[in-house]
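What follows is a single structure, written as structure tokens, with notes after it.
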Amino acid sequence: PATLVSKFAAAFRQKHWPSGGPLPHVFYDPRTIALHPDERASLHAKVVVVDRARALVTSANLTEAAQRRNIEAGLSVVNEGIARALTSQFDTLVDRADVLRVPGL
């Protein structure tokens, strides 16, 4: 698992963040790379919170298939309460170490 995370970080820096600017904080669910298939899970959520006031929640992946061929849905809201709740949910996952920061990003 550590090798996979390291390779992901290197590929992210090279392919998705080639500008060399400040890197975002990127997290992963360690269950996604569990060695035993019965222990694996999928972090499928796509949520963006901006300024703790606006949020985008969507089913869409940022892939060619999702953007061109799939039927996806999303909701953009301007609501501080919802934005705070979504941020709190993610912060709780981080605090409990259910998701881990990718080293090197």
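Here, each number is a calculation from the coordinates, and none is a lab measurement. Keep in mind that what you see is a predicted model, and the values were worked out from it rather than measured. All Cβ positions, even for glycine, are placed from backbone atoms using ideal geometry, and neighbour counts span all protein chains on display.
For K46, the residues 5 or more places off, or on other chains, whose built amide H falls under 5 Å of its own are T58. Among the listed values (1) 37.3, 119; (2) 15.4, 41; (3) 13.5, 43, the one matching Rg and Dmax of the Cα atoms in Å as calculated from this structure is (2). Normalising the average separation of contacting C-alpha pairs (under 8 angstrom, six or more residues apart) by the number of residues puts the relative contact order of the chain at 33 percent. Considering the options T92, Q14, N79, tell which one lies farthest towards the positive end of the dipole of the chain, charges being +1 on Lys and Arg and -1 on Asp and Glu at the Cβ, about the Cα centre. Value computed over the given set: Q14.
Paramagnetic label reach from R68 (point 7 Å along Cα→Cβ; backbone nitrogen cut-off under 17 Å): within the stretch 11-25, no residues.
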